[in-house]
There are 4 protein chains.
Amino acid sequence: MGSNRFGSLFSITTWGESHGKAIGVVIDGCPAGLTLTEEDINQELSKRRPGQITATSSRKETDECQILSGLFENTTTGAPISIIIPNRDVRSKDYEQVKKVLRPGHANFTYLEKYGIYDYRGGGRASARETACRVAAGAVAKKLLKLYNIEITTYLHSIDQIELPSISLSSAKEQLHHSSIFCPCKETELKMVTKIKSLQEEGDSTGGIISCIIENLPPGLGDPVYEKLEAKLANAMLSIPASKGIEFGKGFESAKMNGSNYNDHFILDKGEVKTKTNNAGGTLGGISTGMPLDLKVAFKPTSSICKQQYSVSIEENRKEVPFAFDSTKRHDPVVAIRAVPVVEAMSALVIADLLLTNKTSKI
Amino acid sequence: MGSNRFGSLFSITTWGESHGKAIGVVIDGCPAGLTLTEEDINQELSKRRPGQITATSSRKETDECQILSGLFENTTTGAPISIIIPNRDVRSKDYEQVKKVLRPGHANFTYLEKYGIYDYRGGGRASARETACRVAAGAVAKKLLKLYNIEITTYLHSIDQIELPSISLSSAKEQLHHSSIFCPCKETELKMVTKIKSLQEEGDSTGGIISCIIENLPPGLGDPVYEKLEAKLANAMLSIPASKGIEFGKGFESAKMNGSNYNDHFILDKGEVKTKTNNAGGTLGGISTGMPLDLKVAFKPTSSICKQQYSVSIEENRKEVPFAFDSTKRHDPVVAIRAVPVVEAMSALVIADLLLTNKTSKI
Amino acid sequence: MGSNRFGSLFSITTWGESHGKAIGVVIDGCPAGLTLTEEDINQELSKRRPGQITATSSRKETDECQILSGLFENTTTGAPISIIIPNRDVRSKDYEQVKKVLRPGHANFTYLEKYGIYDYRGGGRASARETACRVAAGAVAKKLLKLYNIEITTYLHSIDQIELPSISLSSAKEQLHHSSIFCPCKETELKMVTKIKSLQEEGDSTGGIISCIIENLPPGLGDPVYEKLEAKLANAMLSIPASKGIEFGKGFESAKMNGSNYNDHFILDKGEVKTKTNNAGGTLGGISTGMPLDLKVAFKPTSSICKQQYSVSIEENRKEVPFAFDSTKRHDPVVAIRAVPVVEAMSALVIADLLLTNKTSKI
Amino acid sequence: MGSNRFGSLFSITTWGESHGKAIGVVIDGCPAGLTLTEEDINQELSKRRPGQITATSSRKETDECQILSGLFENTTTGAPISIIIPNRDVRSKDYEQVKKVLRPGHANFTYLEKYGIYDYRGGGRASARETACRVAAGAVAKKLLKLYNIEITTYLHSIDQIELPSISLSSAKEQLHHSSIFCPCKETELKMVTKIKSLQEEGDSTGGIISCIIENLPPGLGDPVYEKLEAKLANAMLSIPASKGIEFGKGFESAKMNGSNYNDHFILDKGEVKTKTNNAGGTLGGISTGMPLDLKVAFKPTSSICKQQYSVSIEENRKEVPFAFDSTKRHDPVVAIRAVPVVEAMSALVIADLLLTNKTSKI
């Protein structure tokens, strides 16, 4: 079944393998009347560019997109928006050596089991390369969110054992611009960068947690029962490669709290209903309260490491074999860093979809 | 937009308010040829019956279902299966007092904002009553899973600060049958029951974490990119009332690990590819590896407590008011307990859907 | 795959066999704020009641529905609306004799091939009984259409060789109320009733064509490419049992016309853009022009006839056998008559869906 | 709402305007293991190339596609297949003159009403140019159909008053290859070509009817109620630009027949159940019987004609104006001719989708 489509009304379909000619996305359902340029998208794409950040992979991807349809005089027309991003710096030969060995932590085994065929070069559809299309589409969704004054702030909450201290959202927003690894605290960033460098030297990797906060959501967004705001966001985030968990508000901690200290009391703030605390993270019954929506996503360590591992060779005679990635190649030691703009894009796509959906809830 | 449907090929549509005449579910897409009786469903429904377990709410729901369509001589025909469950013991008057006050932790505020109208009696669609329909549908899905020998084990991992010690899955499966609160460890169960009783006396509540393990999944289940096994399960679980987080395998802990100790090495086990460890929790690239799928869901504390809280009255002149539920009423102090069969049902529904989907992946 | 759902935003799921306990429909996505009573639905249901019209089948169906969910104080809440219609006057024994013989024109052969199991009593899901649920749901859709002042007029255009003369829409609307067979012309009705009676005596049947005109559609309804207004209506109408064709405006005749006499010229009517003629039947590019939408649906003759036919017995040893329905039973000799309210209901459902959809086309 | 997607399991999303840089299609859900080359697609695309047939439009479109994803060593991998077709010979200036005048029979009025913005150059998404993507996707669907030995034959049944005489399917299949206008009868073709030339001289146009016959469908294809084979095909065909009607088997004629001469009697043919006649056109209860599926689609006359017409100018002051297309431009006088491969492609897409769907109907 097709599994490359996301969203109901504001929907995207992505395509392309990491080592093909190009990757792309078709946005279907974007309302007419939105101003949009290629520059809007390229700006977002540049955030996930690995060459830009010392701490991440050395593959060079300039990632300049082309919008092939859906615009007339820089305005969306209601027609599908086709965005294409050429693949550059593709070195498929690098993968010849691992052609017949299952790579630990990678999807070649499961794809082979599912489809009976697998494009071993660079991960195919399972590659994080695919997420560039999510970021491109997210840039369009953000243009819609802007009309509603909705703002998304996404940052690294932790990598390895290094965790962000408690900081205010306003301070986070300010400091985020100065960080090359989406860490909104100078001191923590330094520790993180040191950790990353040492992991690179060891040929090892680590995981991380991303925080995402959505402000100015109108109350009433999200649909009851199976289309709850959390259900849709959870679906979105767990579709990102390497993600292994999500929580909202106090999340897993809330399982250890009591109703008397967890429940967010309603208050009146200039005549508007707000809650005093925001332990629920901005929703009740799966619908936005108007308080900031607050979620965290956990990412596993990068699977490609240069340390010795064990695996299975799937030549005609299957056998167990030692396995290590070539240490001269550089891989991102922390996949969570590049996932920051992806988490933000997926949030934007979910919210754009729900903004449209919500127009149909009342007569 | 309709938000009461779940699943693509094996799909369900649920309906009914907690204080209406009945609730129900229509299963559309169940393959023909499955043996099914009302008893199959009633047996699953009895697991979430509050009257049965001392530790949970005192509302009496015998919950006997009627199958109104889709069967011929106790066999599914491919036609939609309509299951109806009458509502009994409905005391709507209990809610008259809270008609005009926003209940902390409840959805009346957000429903009102969304729809401009709200059935204040017992939570309407936001009530946990709706989950009976998920359990009924899950019972049908389980009949399909049985043909594939797939087995789901679901239990309480923790409530409040009380956590299950590390136990083997086989021991958990055995002990689970003896527990009235789905706790597969006698000693822990005793601590939990003591905690629950003390919370009931205080009029307070707490949260909990549920563990769910799915064995014998064929490798290759789940679809890449937006229909990943984790993405679909996350969607399913976060649609359950009161759920606030989900994680797979090592989950949030994996964010603190290194690739060298996280990656699951491939091994050969009687000629079959397995992994030595199962930190990923049974998936790679969003597709099942054949190892047990392993997830945890966090639930917030029950919102209805008898302790004094603060809220807002939405009479013509909005004002802040003190608020407490009537202490003579009994509410579940730990909503997570009754959520155990619901988590299991949602797992079954996701897997049933993917088993059908998977038939179409290869020529 | 589930095939019992219709519509995207305003969607219905129907269930139930002709000889089961009940049939029903769940409407998911009906906006909140619509006034609705059981009487609204029963009124529409009475239109397809066979007992009422001398010319149609003698099976007695009082068809009084129950609304089990989705309303609060006679107003829709945004929750799914579950409507149930009990089956009465079910005489399953009548079908014992035809248990093992493929009925010409009926679906038992194809259902058996598809599902390997078939509920032979009265056609199961293939029975026209299922259409009562469409009419019930259509009654709800019509309540939404009324807010937009949209009006649907549906009538018999022809049966057998007897065709309606050219009449004005206003005259049709007036006379329609007086006809028991939905024929808006007294003289033609008399001819039709005579024909029907003679067919009943012969034990034969005939087909018919239904006309449906939708007035006051706002221009801009319907979506380009695959969701064209005609595409959605064609889908809706060809899903009605016994329908074999559909045409819009001049339809099949337009294939014989020239552009110079077919094209509808644009004119200004009190400052509004209209077209001088309406050969296209109210759409351009699959989107409504604001002119009346005009379609016709062709229905085949009723399959159940009492004349001698030939068929195949599917006992263990398949063999060709003569076949005739019991002449003491009465069947509708013209299925098209009872299809009139069904065509109207399906139109209403399509338009309701598109009205919601259309709210999302512009920023 | 997105309206550029077609199909459930084997699904396509098309994009691109007639006067943009390119058009394209993404196929999502094509099973892995299908052999596929660009040549397979180009061969089908060449059938709708206007330059090739004297009788049709003079715009030159070489239409060579590029497959950008979804293949590995010329085999489908289960990943989305992205096909792109560059737009050549685009002369947007031709449309400057008609920028502010509603073109009779065209969609600029309805698009403007719907979206508030319209790409007036060449029809945008409403252009028949979009159908090239359907043909490209249909070529892939046909590769799947070939595995099942399913064969589609599509031809011109009539244009204007000129109708094909009754011919056998085998003769039609043979002669079709020799015709440049998809007319499977030499004599009729000559009359049609004469008619087309005279229409071109007059600057007028005409409509036509297309016949499509699908052989070797396995019995059991198509789903009951809302996903009937006819419902899906009707949806597909009425989404083709300029189509105004569809009928199956005897179609509209069946409305004038009696059950006693319409019903197809079941017979045994080498032990297999067949029907003696095929008035129903290959379905019963919306499911294939195994007899040839037989449908006809009516197309209106080409809207762009050079004769004088009347219309409305939408400059600031709306006014009625005379209107005629520039007679030095050549337009297809019979849009039905180029629609032949499009009807065939849409049939193939529907059947491919149902073949996948059908894998899930039984346990």
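Among the residues making up the range A:178-188, those that are in a helix (DSSP H, G or I) and not acidic (D, E) are A:K186, A:T188. Exactly one residue out of B:V101, B:V135 is of a type in the set (A, V, I, L, M) and either open to solvent by less than 10 Å² (accessible area, probe 1.4 Å) or closer than 30 Å to C:S18 by Cα (or both): that is B:V135.
Give me the strands (runs of 3 or more DSSP E) completely within the range C:267-363, filtered to those with at least 1 residues that are in contact with a Ser or Thr (Cβ under 9 Å, 6 or more places away or on another chain), of a type in the set (V, I, T) and facing another protein chain (nearest Cβ under 10 Å), ordered by residue number.
Here the list reads C:272-275, C:293-299, C:319-323.
Among the residues of the range D:274-318, those identified as in contact with a Leu (Cβ under 7 Å, 6 or more places away or on another chain) and either without any contact (Cβ under 8 Å) to a residue 12 or more places away in the chain or open to solvent by 10 Å² or more (accessible area, probe 1.4 Å) (or both) are D:G290, D:I314, D:R318.
On the given criteria, is B:A345 in contact with a strand residue (DSSP E or B) (Cβ under 6 Å, 6 or more places away or on another chain) and at pLDDT 95 or above? Taking the combined requirement at face value, the residue does not satisfy it. Just checking, does the range C:165-173 include any residue being among the hydroxyl-bearing types (S, T, Y) and open to solvent by less than 10 Å² (accessible area, probe 1.4 Å)? No; the residues of the range C:165-173 include none that is among the hydroxyl-bearing types (S, T, Y) and open to solvent by less than 10 Å² (accessible area, probe 1.4 Å).
Here is the figure for the range A:217-258: residues that are in contact with a Gly (Cβ under 7 Å, 6 or more places away or on another chain) and free of Cβ contacts under 8 Å to residues at least 12 places away in the same chain total 3.
So for the range A:158-166 (the condition being within 14 Å of chain B (Cβ to nearest Cβ), closer than 24 Å to B:M237 by Cα and touching a residue at least 12 places away in the same chain (Cβ under 8 Å)), does at least one residue qualify?
Looking for residues that are within 14 Å of chain B (Cβ to nearest Cβ), closer than 24 Å to B:M237 by Cα and touching a residue at least 12 places away in the same chain (Cβ under 8 Å), one finds none in the range A:158-166, hence no.
Counting the residues of the range A:144-177 that are part of a helix (DSSP H, G or I) and under 18 Å from the mean Cα position of the chain (by Cα) gives 2. So which residues in the range C:263-276 are in contact with a Gly (Cβ under 9 Å, 6 or more places away or on another chain) and over 14 Å from D:Y310 (Cβ atoms)? Result: C:E272, single match. Residues in the range A:233-249 that are within 7 Å of chain B (Cβ to nearest Cβ) and outside any strand (DSSP E or B): 5 in all. The C-beta contact set for the range B:134-154 (first residue within 14 Å of chain D (Cβ to nearest Cβ), second residue open to solvent by 60 Å² or more (accessible area, probe 1.4 Å) and hydroxyl-bearing (S, T, Y), distance under 9 angstrom, 6+ apart or interchain) comprises B:K143/B:T35. When the range D:194-249 is filtered for residues that are open to solvent by 10 Å² or more (accessible area, probe 1.4 Å) and of a type in the set (A, V, I, L, M), the ones remaining, listed by number, are D:I209, D:I213, D:A242.
Does C:I213 count as over 30 Å from C:L9 (Cα atoms), more than 9 Å from chain D (Cβ to nearest Cβ) and modelled with pLDDT of 95 or more?
Working: over 30 Å from C:L9 (Cα atoms): no; more than 9 Å from chain D (Cβ to nearest Cβ): yes; modelled with pLDDT of 95 or more: yes.
Here the answer is no, as C:I213 does not meet what is asked.
Each row is one residue, and each column tells you yes or no for (1) modelled with pLDDT of 95 or more; (2) open to solvent by less than 10 Å² (accessible area, probe 1.4 Å).
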| position | (1), (2) |
| --- | --- |
| B:D89 | no, no |
| B:R125 | no, no |
| B:V140 | yes, yes |
| B:Y148 | yes, no |
| B:T153 | yes, yes |
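Within the range B:180-193, the set of residues being open to solvent by less than 10 Å² (accessible area, probe 1.4 Å) and away from chain A (no Cβ under 14 Å) comprises B:I181, B:C183, B:P184, B:T188.
Return a yes/no flag: does the range D:348-356 have any residue that is of a type in the set (V, I, T), modelled with pLDDT of 95 or more and within 30 Å of C:N317 (Cβ to Cβ). No, that holds for no residue.
Within the range C:1-50, being more than 9 Å from chain B (Cβ to nearest Cβ), touching a Leu at 6+ places or on another chain (Cβ under 8 Å) and open to solvent by less than 10 Å² (accessible area, probe 1.4 Å) holds for C:I12, C:L34, C:L36. Report yes if D:D264 is within 7 Å of chain C (Cβ to nearest Cβ) and on the phi < 0 side of the Ramachandran plot, otherwise no. Considered against the rule, which asks whether it is within 7 Å of chain C (Cβ to nearest Cβ) and on the phi < 0 side of the Ramachandran plot, D:D264 comes out as yes.
The values are calculated or read from the model by the stated rules, or taken from the named source; none is laboratory data. It should be emphasised that the depicted structure is a prediction, and the values quoted were computed from it without experimental measurement. Please note: Cβ atoms are built from the backbone with ideal geometry, for glycine as well, and neighbour counts cover all protein chains shown. Each accessible area value is taken on the protein alone, full model and side chains, heavy atoms only, with ligands, DNA and RNA left out. Shrake-Rupley method; radii C 1.70, N 1.55, O 1.52, S 1.80 Å.
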